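Chemist: Encoded as structure tokens, here's the structure I'll be asking about.
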Amino acid sequence: MTLKRANFRFFHRLRVRWAEVDMQKIVFNAHYLMYFDTAIADYWRALGLPYQESMEQLEGDLYVVKATVEFHASARVDDQIEVAMKCSRIGNSSLTFTGAIFRGDDHLITGEIIYVFADPATQKSRPVPSVLRDILSGFEAGEAVTEVRVGDWSTLGTDAQRLRTAVFVEEQRIPKELEWDAADATAVHAVAYNRLGRPLATGRLLAHEPGTSKIGRMAVDRTLRGGRLGRDVLQALTETARERGDAEVVLHAQRSAEGFYARLGYTVLGDPFEEAGIPHVTMFKRL
């Protein structure tokens, strides 16, 4: 089966490593299944669904019942390849994913993986939940799978607190007394949600100086970093500042996130400093 890139909207990009090739410098056949499996893991991230937590919420899990690979040409060491993936069929209790591996426009490999949605305790199949069916169908149709809500602490505080506790207090080990302050009560908050209603990312906007807002407390679910969520929250807060007439926004960026903010138009201001024991730098953006 020959497929074209236009058949897919999700792509996972990678470079073929020496450890994945044989003496002829072509990929071992079994590695193509690994490439497809890795792409499916990223496909779930693209859906805004942290896999383990989402399956627990859906009261099931997915089990592979069939996997096939069709070979058209070989990938070679140091090739830049793209693993395309789509959910091509949703049955009563099964999900079929069709994959293709491309080197440029050359179609190298076709794959198909069939999962059954089942009770994790008994591994007996059960119907694919309607909400999961809608998420998969919507994503393949080009619909948004996440939304950002903007509001006050009384509306969004519970979900924002959940995310910030996981990221700042538990993961980065910032003392609770440094994380929580009275500014939350007057700040504008943004929280990104998936279509299961789970909060995935958050941030807040404070009045800083006349004509200047300050963005802070940016946090993204650990399993979903590197996607669009942080950008979407940042843009929602920036747009709020613009709508209320501010001329610029400032923020204290952790040095590890400096590149993320720079790609979105933020500029470093001044020298690095430490905040809560973590290296930071001040950055700003004109509106």
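The values are calculated or read from the model by the stated rules, or taken from the named source; none is laboratory data. Worth saying up front: this structure is predicted, and the values here are computed from it rather than measured. Cβ placement follows ideal geometry from the backbone for every residue including glycine, while neighbour counts extend to all protein chains displayed.
Chemist: State the number of residues belonging to segment 80-107 that are of a type outside the set (A, V, I, L, M, F, W, C) and either within 14 Å of Val69 (Cα to Cα) or outside the structural domain of Phe10 (by TED's automatic domain parsing) (or both). Can you show your working first?
Modeler: Pass one, segment 80-107, residues of a type outside the set (A, V, I, L, M, F, W, C): 80, 82, 86, 88-89, 91-94, 96, 98-99, 103-107.
Applying the additional criterion that residues be either within 14 Å of Val69 (Cα to Cα) or outside the structural domain of Phe10 (by TED's automatic domain parsing) (or both) yields 96, 98-99, 107.
The number of residues fulfilling the criteria is 4.
Chemist: A further question follows. Of Arg242, Arg231, Arg217, which residue is in the same structural domain as Gly259 (by TED's automatic domain parsing), assigned to a strand (DSSP E or B) and at pLDDT 95 or above? Explain how you work it out, then say what you get.
Modeler: Values: Arg242 fails: assigned to a strand (DSSP E or B); Arg231 fails: assigned to a strand (DSSP E or B).
Within the list Arg242, Arg231, Arg217, the selection yields Arg217.
Chemist: If you don't mind, another one. Considering each residue of segment 128-150, count those that are out of contact with any helix residue (DSSP H, G or I) (no Cβ under 9 Å at 6 or more places or on another chain), in contact (Cβ under 8 Å) with a residue 12 or more places away in the chain and either farther than 30 Å from Asp232 by Cβ or part of a loop (DSSP other than H, G, I, E, B) (or both), and give that number.
Modeler: Qualifying residue count for the region: 1.
Chemist: Which condition breaks for Pro175 when tested against (1) at pLDDT 95 or above; (2) over 28 Å from Leu33 (Cβ atoms)?
Modeler: (1)
Chemist: Now a separate question. Please go through (1) within 20 Å of Gly60 (Cβ to Cβ); (2) in a helix (DSSP H, G or I); (3) of a type in the set (A, V, I, L, M) for Leu156 and return the number of the only condition it doesn't satisfy.
Modeler: That leaves (1) as the condition not met.
Chemist: Given segment 39-110, what strands (runs of 3 or more DSSP E) lie entirely inside it while holding 1 or more residues that are in contact with a Gly (Cβ under 8 Å, 6 or more places away or on another chain), acidic (Asp, Glu) and modelled with pLDDT under 95?
Modeler: On the way: elements: 61-71, 80-90, 94-103.
Per the criteria, no element qualifies.
Chemist: Let me confirm something: among Ala219, Ala241, which residue is in contact with a strand residue (DSSP E or B) (Cβ under 9 Å, 6 or more places away or on another chain), surrounded by 17 or more Cβ atoms within 10 Å (Cβ to Cβ) and over 24 Å from Val169 (Cβ atoms)?
Modeler: On the way: Ala219 fails: over 24 Å from Val169 (Cβ atoms).
So the residue among Ala219, Ala241 that is in contact with a strand residue (DSSP E or B) (Cβ under 9 Å, 6 or more places away or on another chain), surrounded by 17 or more Cβ atoms within 10 Å (Cβ to Cβ) and over 24 Å from Val169 (Cβ atoms) is Ala241.
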